[in-house]
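To keep things clear, I will list the structure first and then write my remarks on it.
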Amino acid sequence: MLVAQLTDTHVVRPGSTYFGVDTAAYLRDAIDALHALDPAPDVVVVTGDLTNFGEPAEYERFAELMAASRVPYFVVPGNHDDRDAMRACLPPRTYGGSNDARVRFAIDEYDVRVIGLDANGARPWPGARLDDASLRWLDRTLALRDATPALVCVHQPPFRTGLHYLDAFGFGGARRLRALLAPRARHVRVISGHIHCVRVGDVGGARASTAPSTAPQVVPELFERRPFALRRERPGFATHAWDAARGFVTTVFRRADDGRYVPVAESAAAAENAPA
Ligand SMILES: [Fe+2]
């Protein structure tokens, strides 16, 4: 089973850009790159900030672009997204048909369960909070098939990333999330976006990671105390392979100068974050 993760696509209206970047063109390229993967992914998950302003016109464009994907895709909202506009414009199966106050779903048709969670408060507040209902739902949902591997997809990483100005907003409910995942850590992987760069962490013993945005990004320097020390990183995406013998293996892909997307080993991800 191979799951591709796109994140922070930040699609804007036709004719406009995201800080001068044509995010739609980069999303198109990332989808093409997924089609070139061998083996092909079984599923694509987009882990939030699908659009920049949460406007219907942006979702329509996002949906048009994603319609080119030959691989079925699922989405969880990020802090830039608007749940109602997202639900109105995207095919319901992409958010698991969830009509709950927060988007949440479990897709059970593959070897790995794909579980979507929504930890967003009032947009575009960047912090996160998993409310009581979401945590209880997650516990019940995992308990239904506790022995099946699960990929829990949530926009904000539920671990400290070292990006202090974002960590400072906190992740409400993280302690309960850790307690809930701890007995299942061997089977569960947590994947996020939000920080537009790659970090690997731990949630109750379950490995957790973030993926790069599909567009070029300016991110705070690693572990810098100065919040505004910035650098530019290459666009990219991640894949999460699973098999019974090895469990989950994550690979980060970055766009090279010639436009190809090349894999970067997870262990080398930090060193690879050289300025583009
Ligand atoms: Fe983002």
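The values are calculated or read from the model by the stated rules, or taken from the named source; none is laboratory data. Since the model is a prediction, treat every value here as computed from it, not as a measurement. Neighbour counts are summed over all protein chains in view; Cβ atoms, including those assigned to glycine, are modelled from backbone coordinates with ideal geometry. Accessible surface areas use protein heavy atoms only, side chains included; no ligands, DNA or RNA. Shrake-Rupley method; radii C 1.70, N 1.55, O 1.52, S 1.80 Å.
Residues in region 1-18 that are part of a loop (DSSP other than H, G, I, E, B), touching a residue at least 12 places away in the same chain (Cβ under 8 Å) and open to solvent by 10 Å² or more (accessible area, probe 1.4 Å): 3 in all. Within region 168-187, residues that are open to solvent by less than 50 Å² (accessible area, probe 1.4 Å) reach partners that are part of a helix (DSSP H, G or I) and not β-branched (Val, Ile, Thr) with beta carbons closer than 7 Å, at six or more positions or on different chains, in the pairs Gly173/Leu135; Leu177/Leu135; Leu180/Leu135; Leu180/Leu138; Leu180/Asp139; Arg184/Leu142.
Scanning region 19-48 for residues that are open to solvent by 30 Å² or more (accessible area, probe 1.4 Å) and not in a helix (DSSP H, G or I) turns up Phe19, Gly20, Asp22, Ala36, Leu37, Asp38, Pro39, Ala40, Asp42.
In this structure, is Thr51 closer than 28 Å to Val112 by Cα and crowded, with 22+ Cβ neighbours inside 10 Å? Here the answer is yes, as Thr51 does meet what is asked. The condition (being in contact with a strand residue (DSSP E or B) (Cβ under 9 Å, 6 or more places away or on another chain), more than 25 Å from Asp32 (Cα to Cα) and more than 16 Å from the ligand (Cβ to nearest atom)) is satisfied by just one residue among Asp146, Asp132, Asp118, Asp108: Asp108. For region 93-104, indicate whether the set of residues that are in contact (Cβ under 8 Å) with a residue 12 or more places away in the chain, among the basic types (Lys, Arg), surrounded by 14 or more Cβ atoms within 10 Å (Cβ to Cβ) and closer than 30 Å to Val262 by Cβ is non-empty. No: zero hits. Being part of a loop (DSSP other than H, G, I, E, B) and at pLDDT 95 or above is the filter; apply it to region 110-130 and report the residue that is most open to solvent (accessible area, probe 1.4 Å). Checked region 110-130; the qualifying residue most open to solvent (accessible area, probe 1.4 Å) is Asp111. Note on region 84-101: among residues that are touching a Ser or Thr at 6+ places or on another chain (Cβ under 9 Å) and modelled with pLDDT of 95 or more, the one that is nearest to the ligand (Cβ to nearest atom) is Met86. Here region 131-167 is the region considered, the condition is being among the hydroxyl-bearing types (Ser, Thr, Tyr) and open to solvent by 30 Å² or more (accessible area, probe 1.4 Å), and the residue that is modelled with the lowest pLDDT is Tyr165.
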